[in-house]
Amino acid sequence: MALLHFQSPSAALPHLFALLFLLSLHHHTASCALLLSLRHHHNTLRQQRPMIHANQTNCALFVGTWIQDDSYPLYQSSNCPIIDPQFNCKMFGRPDSEYLKYRWRPLNCDLPRFNGEEFLLQMRGKTVMFVGDSLGRNQWQSLICLIYTAVPQTQTQLVRGEPLSTFRFLDYGVTISFYRAPYLVEIDVVQGKRILRLEEVDGNGDIWRSADVLSFNTGHWWEHQGSLQGWDYIELGSKYYPDMDRLAALERGMRTWANWVDSNIDRSRTKVFFLGISPSHTNPNEWNSGVTAGLSTKNCYGETAPIISSGTAYPGVYPEQMRVVDMVIREMRNPAYLLDITMLSAFRKDAHPSIYSGDLNPQQRAKPDYSADCSHWCLPGLPDTWNELFYTALFY
């Protein structure tokens, strides 16, 4: 969650009384005209093909194929000081290594190889900030590893905090930060209840303004149910709902974020990126052509190779969230650069931590059908490719 702002009991009471009154009128899922309109819009979007994005040179960076390359990975996890146990698959026993030896090749160009020292020289004295959820943290740590491996003797400083963590390359004056805000909009706590405010950006937006490069992401937290759900109530139009159409909520939150960026970020000095929806691999039917007989797993556990495909065919069901992200960004006054990693990541069913995550105990590892992490990504691994694309978009 984003930073929680606590109010004094006396200040919070009027909000609480209003909340209780409104909740007495809204015990069911929101069905206002706005949500019905958004559902109709999403039904229209479902009929459209996924958009293919290209950079300024007309190279289709995000459409291509994975090819084996023994010069990969670009670093070893043992040589990077920042990888969380959640992403450190080798440290926690992953036995295979072939998943590390793939390079993304766009259809009509080659990506420049990531050069960590060049990144520091280009960004000297500047700040890069990732804002979002744990997939943003995945990318943040990948970028630090890619840079660090090029200059292992340089002086560095790591400060972990909540919601802001920073890693500084002191000899170059470069700061790589991560700000945890999984919804990008405000979430407050009032009398012990978590209120997701769809029409307010996180109160610490002032920190975001200070960055020279901003990379935002959101997505997975909007789908969490039950004990994983990050809110107790959603506030929209001064009304409170226990729940609502999740795509409609995402779209409203995204529009609030987009309006904030258009109004508050000086685009003459700050570059703004948005990381596309990172796909999960929890349904083997998506890569086994619907054949379920004989399957030994219910998710990404045991997968050791990418889905073999190329061109523009998306493997499985294209994420509806990505259609929302694409639409909102296209309608911005000054659109963010969409790092459209969704399709190229969808091929990588082999690149998740699965049971080789430091977040799992031995009992959980013994039950991969229920415990395998098929949402995040191993480091080194797929987020390094995200950052090769990020590097290309920044400097080429």
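No lab work stands behind these numbers, since they all come straight from the coordinates. All of these numbers come straight from a predicted model, not from anything done at the bench. Here Cβ is always computed from backbone atoms with ideal geometry, including for glycine, and neighbour counts include all displayed protein chains.
Which of the residues that make up segment 64-90 are farther than 16 Å from Gln141 by Cα and surrounded by 14 or more Cβ atoms within 10 Å (Cβ to Cβ)?
Quick first cut of segment 64-90, residues farther than 16 Å from Gln141 by Cα only: 64-72.
If the condition is that a residue be farther than 16 Å from Gln141 by Cα and surrounded by 14 or more Cβ atoms within 10 Å (Cβ to Cβ), then Gly64, Thr65, Trp66, Tyr72 are the ones that fit.
Do we find that Glu162 is of a type outside the set (S, T, N, Q), closer than 28 Å to Trp221 by Cβ, without any contact (Cβ under 8 Å) to a residue 60 or more places away in the chain and surrounded by fewer than 22 Cβ atoms within 10 Å (Cβ to Cβ) in this structure?
Details: of a type outside the set (S, T, N, Q): yes; closer than 28 Å to Trp221 by Cβ: yes; without any contact (Cβ under 8 Å) to a residue 60 or more places away in the chain: no; surrounded by fewer than 22 Cβ atoms within 10 Å (Cβ to Cβ): yes.
Against the criterion (of a type outside the set (S, T, N, Q), closer than 28 Å to Trp221 by Cβ, without any contact (Cβ under 8 Å) to a residue 60 or more places away in the chain and surrounded by fewer than 22 Cβ atoms within 10 Å (Cβ to Cβ)), Glu162 does not qualify.
Run down Asp232, Asp243 and say which single residue is in contact with a strand residue (DSSP E or B) (Cβ under 9 Å, 6 or more places away or on another chain) and free of Cβ contacts under 8 Å to residues at least 40 places away in the same chain.
On the way: Asp243 fails: free of Cβ contacts under 8 Å to residues at least 40 places away in the same chain.
Of the residues listed, the single one that is in contact with a strand residue (DSSP E or B) (Cβ under 9 Å, 6 or more places away or on another chain) and free of Cβ contacts under 8 Å to residues at least 40 places away in the same chain is Asp232.
For segment 136-222, please list each of the strands (runs of 3 or more DSSP E) lying entirely inside it that holds at least 2 residues being hydrophobic (A, V, I, L, M, F, W, C) and over 30 Å from Glu235 (Cα atoms). Even if it seems obvious, please write down each step before you answer.
Numbers: elements: 156-159, 164-169, 174-180, 185-190, 193-201, 213-216.
Correct list: 156-159, 164-169, 174-180.
Given Val174, Val213, Val151, Val201, which one is in contact with an Asp or Glu (Cβ under 9 Å, 6 or more places away or on another chain), closer than 28 Å to Asp266 by Cβ and touching a residue at least 24 places away in the same chain (Cβ under 8 Å)?
On the way: Val174 fails: in contact with an Asp or Glu (Cβ under 9 Å, 6 or more places away or on another chain); Val213 fails: in contact with an Asp or Glu (Cβ under 9 Å, 6 or more places away or on another chain); Val151 fails: closer than 28 Å to Asp266 by Cβ.
Of Val174, Val213, Val151, Val201, the one residue that is in contact with an Asp or Glu (Cβ under 9 Å, 6 or more places away or on another chain), closer than 28 Å to Asp266 by Cβ and touching a residue at least 24 places away in the same chain (Cβ under 8 Å) is Val201.
Looking at the structure I just gave you, is Tyr396 out of contact with any helix residue (DSSP H, G or I) (no Cβ under 7 Å at 6 or more places or on another chain), among the hydroxyl-bearing types (Ser, Thr, Tyr) and surrounded by fewer than 24 Cβ atoms within 10 Å (Cβ to Cβ)?
Numbers: out of contact with any helix residue (DSSP H, G or I) (no Cβ under 7 Å at 6 or more places or on another chain): yes; among the hydroxyl-bearing types (Ser, Thr, Tyr): yes; surrounded by fewer than 24 Cβ atoms within 10 Å (Cβ to Cβ): yes.
So Tyr396 fits the description; yes.
Report yes if Phe130 is within 26 Å of Val325 (Cβ to Cβ) and part of a strand (DSSP E or B), otherwise no. So that I can check it myself, show each step before the final result.
Values: within 26 Å of Val325 (Cβ to Cβ): yes; part of a strand (DSSP E or B): yes.
Answer is yes for this residue.
Take segment 91-110 and flag every residue that is within 14 Å of Pro380 (Cβ to Cβ), surrounded by 18 or more Cβ atoms within 10 Å (Cβ to Cβ) and not hydrophobic (A, V, I, L, M, F, W, C).
Hits for segment 91-110 are Arg94, Tyr99, Tyr102, Arg103.
Looking only at segment 230-261, count how many residues are under 15 Å from Gly219 (Cβ atoms), of a type in the set (Gly, Ala, Ser) and either surrounded by fewer than 19 Cβ atoms within 10 Å (Cβ to Cβ) or in contact with a Lys or Arg (Cβ under 8 Å, 6 or more places away or on another chain) (or both).
Number of matching residues: 2.
In this structure, is Ile355 under 21 Å from Tyr99 (Cα atoms) and within 16 Å of the chain's Cα centre (by Cα)? Outline the logic, then answer.
Numbers: under 21 Å from Tyr99 (Cα atoms): yes; within 16 Å of the chain's Cα centre (by Cα): no.
So Ile355 does not fit the description; no.
Taking the criterion of being in a loop (DSSP other than H, G, I, E, B), more than 24 Å from Pro279 (Cα to Cα) and in contact (Cβ under 8 Å) with a residue 12 or more places away in the chain, would at least one residue in segment 114-123 satisfy it? If you could, list the steps in order and put the result at the bottom.
Let us first name the residues in segment 114-123 that are in a loop (DSSP other than H, G, I, E, B), namely 114-115, 123.
Among the residues that remain, those that are also more than 24 Å from Pro279 (Cα to Cα) are: 115, 123.
Among the residues that remain, those that are also in contact (Cβ under 8 Å) with a residue 12 or more places away in the chain are: 115, 123.
Scanning segment 114-123 turns up at least one residue that is in a loop (DSSP other than H, G, I, E, B), more than 24 Å from Pro279 (Cα to Cα) and in contact (Cβ under 8 Å) with a residue 12 or more places away in the chain.
I'd like the full set of residues that are small (Gly, Ala, Ser) and either touching a Ser or Thr at 6+ places or on another chain (Cβ under 7 Å) or assigned to a loop (DSSP other than H, G, I, E, B) (or both), limited to segment 332-367.
Filtering segment 332-367 down to residues small (Gly, Ala, Ser) leaves 336, 345-346, 351, 354, 357-358, 366.
Ala336, Ser345, Ala351, Ser357, Gly358, Ala366 - these are the residues of segment 332-367 that are small (Gly, Ala, Ser) and either touching a Ser or Thr at 6+ places or on another chain (Cβ under 7 Å) or assigned to a loop (DSSP other than H, G, I, E, B) (or both).
Could you run through segment 354-380 and say how many residues are closer than 20 Å to Gly316 by Cβ and buried (at least 24 other Cβ atoms within 10 Å of the Cβ)?
Here the count works out to 5.
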